[in-house]
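Colleague: Please find one structure pasted underneath; my questions will follow.
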Amino acid sequence: MKTIRFIVALALIMTGLQMNAQNNEPEPISGKALTKDYINQNLVYPDADLQQNNSGKVVVGMHIDKEGLASNYEVKSSFSEEASPIALALVKTILWKPASHVGIPIDCEHLYAVDFNAKNYKRYWKRHERPTLPLTLEADDSNKVYEDFHHLEQLARPYFADGSNIGTYIARNLKFPPEAKEREIQGTVRLSFVVETDGSVSNIVVINSVGGGCDNEAIRLMQETHWLPAEKDGKYVRSRNMQDITFSIGNRNFQDGNSY
């Protein structure tokens, strides 16, 4: 009898493990690591908490439907009242892959935690400088991402204080990955991304992969750009954009780290 009970219990445990293995939680379309990078780069620490070295988490709850659309945002817990709206605003910019059960998208409730670490924040901004963009319009607060450029009065465009363009920026800053050099990998990485109403770049996705470290290098380059947002009805709006970054071996001269 004990043996039968043990077998039944074991079967139930195995069934539960299999069910869990068939469930996937929602995930940012950029992946967890890239999304965390985006949040860290665009987080604005509350002055009072920063001065007192207060650190903690803000946990935001939301409903994500089977299409990946998030709604019903709510701060579930927070270490600081001032940090709550900052975290909430950032989480609202994340685009999602829906949860799934046995490969089928499903609706679900989801929690996302934003970390506030005063020490890391101070260290990061000691080495970096926030860009000052010439933004003059009010930001649209609908959170809508425009994908059809025909609806926009002005497209998003990269901003460089020295007046250069995206091609010049890529040529100056691209570092040909060692693995791609060694394996003579070349090609064009195509990235999809969203330009936010403050000019930051979010939700980066590789549409065309090259491999050999080229994808990561293309992402790094795009993360460091700043944009003048798209415009509609006299407001800055979010828009989805594409950028091709080509890695070309050419004459196989890699001495300065750039592509040819």
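Colleague: Add +1 for every Lys or Arg and -1 for every Asp or Glu among the other residues with Cβ under 13 Å from the Cβ of GLU147, and state the total.
Modeller: Net charge in that neighbourhood comes out at +3.
Colleague: Among the helices of the chain (complete DSSP H runs), which have Cα atoms covering no less than 24 Å along the helix axis and a Kyte-Doolittle mean of at least -0.5?
Modeller: Counting only whole DSSP H runs, the qualifying helices are 2-21.
Colleague: Treating only the Cβ of Lys, Arg, Asp and Glu as charged (+1, +1, -1, -1), what charge dipole size does region 160-260 show about its Cα centre? Round to the nearest 20 debye.
Modeller: That gives a dipole near 140 debye.
Colleague: Just subtract the alpha-carbon distance of LYS235 and LEU111 from 0.36 nm times their residue separation and send over the number in nm, one decimal.
Modeller: Gain on extension, LYS235 to LEU111, equals 41.6 nm.
Colleague: Averaging sequence separations of C-alpha pairs under 8 Å and six or more residues apart, then dividing by the length of the chain, give the relative contact order as a whole percent.
Modeller: Averaging sequence separation for qualifying contacts and normalising by length gives 19 percent for the chain.
Colleague: When DSSP beta bridges are limited to those with both residues in the chain, what percentage is antiparallel, rounded to the nearest 5?
Modeller: 90
Colleague: Under the classification rounded if a/c is under 1.5, otherwise prolate if a/b is larger than b/c and oblate if not, where does region 75-149 fall, given a ≥ b ≥ c as square roots of the Cα gyration tensor eigenvalues?
Modeller: Here region 75-149 falls in the oblate category.
Colleague: Now for a different question. Under the rule of -39500 (n - 2.57) per DSSP H run of 4 or more residues, summed and divided by the residues of the chain, what mean residue ellipticity at 222 nm is obtained, to the nearest 500 deg cm²/dmol?
Modeller: -9000 deg cm²/dmol
Colleague: Hey, how many Å between the Cα centroid of region 159-173 and the Cα centroid of region 45-109?
Modeller: Here the two parts' Cα centres lie 34 Å apart.
Colleague: Taking a ≥ b ≥ c as the square roots of the Cα gyration tensor eigenvalues, with a/c under 1.5 meaning rounded and otherwise prolate when a/b beats b/c, else oblate, which class fits region 40-167?
Modeller: Note, shape of region 40-167 comes out oblate.
Colleague: Taking square-rooted eigenvalues a ≥ b ≥ c of the alpha carbon gyration tensor, is region 111-260 rounded, prolate or oblate, where a/c under 1.5 means rounded and, failing that, a/b exceeding b/c means prolate?
Modeller: prolate
Colleague: Which value, in debye to the nearest 20, gives the size of the charge dipole of the chain about its Cα centre, when Lys and Arg are +1 and Asp and Glu are -1 at the Cβ?
Modeller: 980
Colleague: Quick one: putting +1 on the C-beta of Lys and Arg, -1 on the C-beta of Asp and Glu, what dipole do you get for region 40-187 around its Cα centre, in Debye to the nearest 20?
Modeller: 840
All of the numbers you see were taken from the coordinates with simple rules; none came from a lab. None of the values given here were measured: they were computed from a predicted structure. Cβ: placed from backbone, ideal geometry, glycine included. Neighbour counts: every protein chain shown.
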